[in-house]
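What follows is one structure encoded as structure tokens, with my remarks underneath.
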Amino acid sequence: MCGIIGYAGQRPAVPVVMEGLHRLEYRGYDSAGVAYVRRQGIGVLRAQGKLMALEEKLASESAVSMCAMGHTRWATHGAPSERNAHPHTSNDAAFVLVHNGIIENYQEIKAALTAKGYVFHSETDTEVLVNLIAEYAKTEPDALHAFAAALREARGAYAVCLMARDEPGVIYAARMSAPLILGLGTGENFVASDIPAFLPYTRQVVFLDDGDIVRLSASGHDILRLEDLSSVVRAPQTIQWDMQAAQKGGYRHFMLKEIFEQPRVLADGLSGRVLDGDVLLTELDALPVPRKLHIVACGTSWHSALWGRYLLEHWAKVATQVEIASEFRYRQTLLLEKDDLVLVISQSGETADTLAALRVAKEHGAQTLGLCNVLGSSIARESQAVLYTQAGPEISVASTKAMCSQMLMLALMALYWGRRKGCLATEERRAIIADLEKLPIVLEQALPAMQHKARELSRKYAQARNFFYLGRGHCYPLALEGALKLKELSYIHAEGYAAGEMKHGPIALIDPVFPAFVLALNDSMLPKVVSNMEEVQARQGKVIALTNAGVKVQAEDVWIIPDMPGFLSGFAALPALQLFSYETADYLGKDVDQPRNLAKSVTVE
Ligand code: F6R
């Protein structure tokens, strides 16, 4: 899961590619590199570390060119180092390649090439692939045929860009189970892992399919099928959002901006979906109400799914099972039956395990529904039906507004199926929808004070080495999410627990320096949560209680957030958890938008 970009046009290509890499850096940031057409051959520059290191190297080069490509890496094969950084060059210097993904049979290919005398300077699968292309070029008529022949031999997932020394001004690209999008400009063309990489220059895009190969130059592009190099035409689409959405807009970090965007995300998500006290989900009209629903996802999207289960079972009476995609895909899914619906949730729509789980579900003959944020992503395209969240581009590696948008869609699904099944009284449904419509404004007003409180608490607790996050009912998945955010951003060990489980073991860990963040919201579970909180305090554990005005709780710190009825209180609790993690990480000097060892889109298993 890396970011790649290629450019052919009239502008100085290296700055265009570098700008694009900055917008792709969320996909990986342990090393980076560029390749560009020179008067003689292809110039390559690479550096370990963030893009700044590459920029420093470029400052002393005169990398003037109209055609270039670049890569920002999240290491899979081989440690982060300059040697393993892309682009990789073939032994004969005729081909240069950047690659996002994994070539699964690279060891086999490497052994065969080594026997033929090829020498490898890195530990990457990419260097193997570029040399395989060079090998095929000895017998194939041209670079295109050599490229296709090598890709037919490679197994795995990839999005690649190739430059051939003998075809300056041309970029070849191909996609197989990894995102790749064409950007069509006037007198210039782009190819990249994600749209923001070229959005300042064009909004006309073509989403490539698996098995597509592209030949791109300043004057045009051809799309061919890998199997037989037959031409295909794919209609361009116009992207509606603009660069504003993909920039920080005055905030210190993307994460903070994205947390503060949540009122807008809720308003956009509701727009066109609620009308006269009813929910419109026309995408689902043709599907039966599921007898059984299986939700599959990873990470934060999995937490949304766990939260949604409470609403789907309560409002729609749909039996719901939630699974981690990396487990689901390899399990004997005996429970899966033909008329079950499998809902796969993924912000990026490219997460490898979730995509694989979707394919497993299809093999079992189950109906599939995708809930994605990224338009044209693999999961969106491969699901039988798709619902899009309206979060807009999420750049910060840690997911925030995407979870809010997924929770909203799950709430709408529960209301929609509840109506279709006739198990949710009209009055109750209308009251919930009216409350949902109030959410954007309530949150908008509450967020500044929430940030203030989060900052104050972060100063007090930033030195903790461990944290519990406790909740019950729908607040349990939120506790899991709070813990995930704290650990991934601030590197403080945090565990989310169902508060009722503490006494079955974990409470042994509690001592005066092991605090607990307790979700004690004003709902039916409150008395139980308060008892669990008292059990922690009885063992000298310090508690931050996230609660609502009027609730009587005794705790070291009490944090009052807006009171929304029932499950909807989750929408107010979520930003509080996000802001506490954000402020703690920022106070500790951590890289909030790009935490160590992570990447935004996990396109490898
Ligand atoms: C955590 C985070 C990850 C993602 C997970 C799934 O902040 O961002 O846990 O939620 O990698 O990603 P998607 O939703 O793109 O499938």
Query raised in the report: Sorted by packing (mean other beta-carbon atoms within 10 Å per residue), highest first, where do 443-451, 147-155 land?
Result: 147-155, 443-451
Query raised in the report: Counting only the backbone N, which residues of segment 12-45 are under 11 Å from the spot 7 Å out from the Cα of His121 toward its beta-carbon?
Result: 44-45
Query raised in the report: Where does the chain land at 222 nm, in deg cm²/dmol rounded to the nearest 500, when only DSSP H runs of n ≥ 4 count, each adding -39500 (n - 2.57), divided by all residues?
Result: -11000 deg cm²/dmol
Query - DSSP-defined antiparallel bridges as percent of all bridges, segment 248-424, nearest 5 - result: 10
Query raised in the report: Sorting His314, His121 on the 10 Å Cβ count, fewest up front, what's the list?
Result: His121, His314
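Based only on other Cβ atoms within 10 Å, what is the fewest-to-most ordering of Arg273, Arg215, Arg459?
Arg459, Arg215, Arg273
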Report task. In whole angstrom, note down how far apart the Cα centers of segment 507-573 and segment 434-465 are. Result -> 15
Report summary line: Taking the alpha-carbon centre of each part, the distance from segment 248-300 to segment 155-199 in Å is 30
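At R0 = 30 Å, how high is the FRET efficiency between Ala449 and Ala425 if r is their beta carbon distance? Nearest 0.05 is fine.
About 0.30, to the nearest 0.05.
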Query raised in the report: Distance from the Cα centre of segment 201-245 to that of segment 339-368, in angstrom?
Result: 25
Query raised in the report: Separation between the Asp222 and Leu280 pseudo-spin-labels, each 7 Å from Cα along Cα→Cβ, expressed in nm?
Result: 4.5
**Report entry** Subset of Lys401/Lys453; Lys503/Lys552; Lys317/Lys542; Lys453/Lys600 violating a 30 Å alpha-carbon distance limit
**Finding:** Lys317/Lys542
Requested in this report: Name the residue farthest towards the positive end of the dipole of the chain from the options Leu132, Ile102, Leu216, assuming +1 on Cβ of Lys and Arg, -1 on Cβ of Asp and Glu, about the Cα centre.
Outcome: Ile102
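Suppose the chain between His504 and Arg152 were pulled fully straight at 0.36 nm per residue; how much longer would it get relative to their current alpha carbon spacing?
121.3 nm
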**Report entry** For His364, net neighbour charge (Lys/Arg +1, Asp/Glu -1) across residues whose Cβ lies under 9 Å away
**Finding:** -1
Report task. Could you please rank Tyr26, Tyr330, Tyr7, placing first whichever residue has the fewest other Cβ atoms within 10 Å of its Cβ? Result -> Tyr330, Tyr26, Tyr7
Requested in this report: Add +1 for every Lys or Arg and -1 for every Asp or Glu among the other residues with Cβ under 10 Å from the Cβ of Ile510, and state the total.
Outcome: 0
Query - Computed label-point distance, nm, for sites Ile441 and Arg252 using a 7 Å Cα→Cβ extension - result: 3.1
Query raised in the report: What is the spin-label model distance, in nm, from Leu229 to Glu104 if the labels are put 7 Å beyond Cα along the C-beta direction?
Result: 2.7
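How charged is the neighbourhood of Lys453? Take every other residue with its Cβ under 13 Å from the Cβ of Lys453, and add Lys/Arg as +1 and Asp/Glu as -1.
0
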Report task. Express in nm, to one decimal, how much length is gained between Gln540 and Ser271 on full extension, taking 0.36 nm for each residue of separation and deducting their alpha carbon distance. Result -> 92.1 nm
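Where a number appears in this text, it was derived from the coordinates with a stated rule and is not lab data. Given the structure is predicted, the values throughout are model-derived calculations rather than measurements. Reconstructed Cβ throughout: ideal geometry from the backbone, glycine too, with neighbour counts over all protein chains shown.
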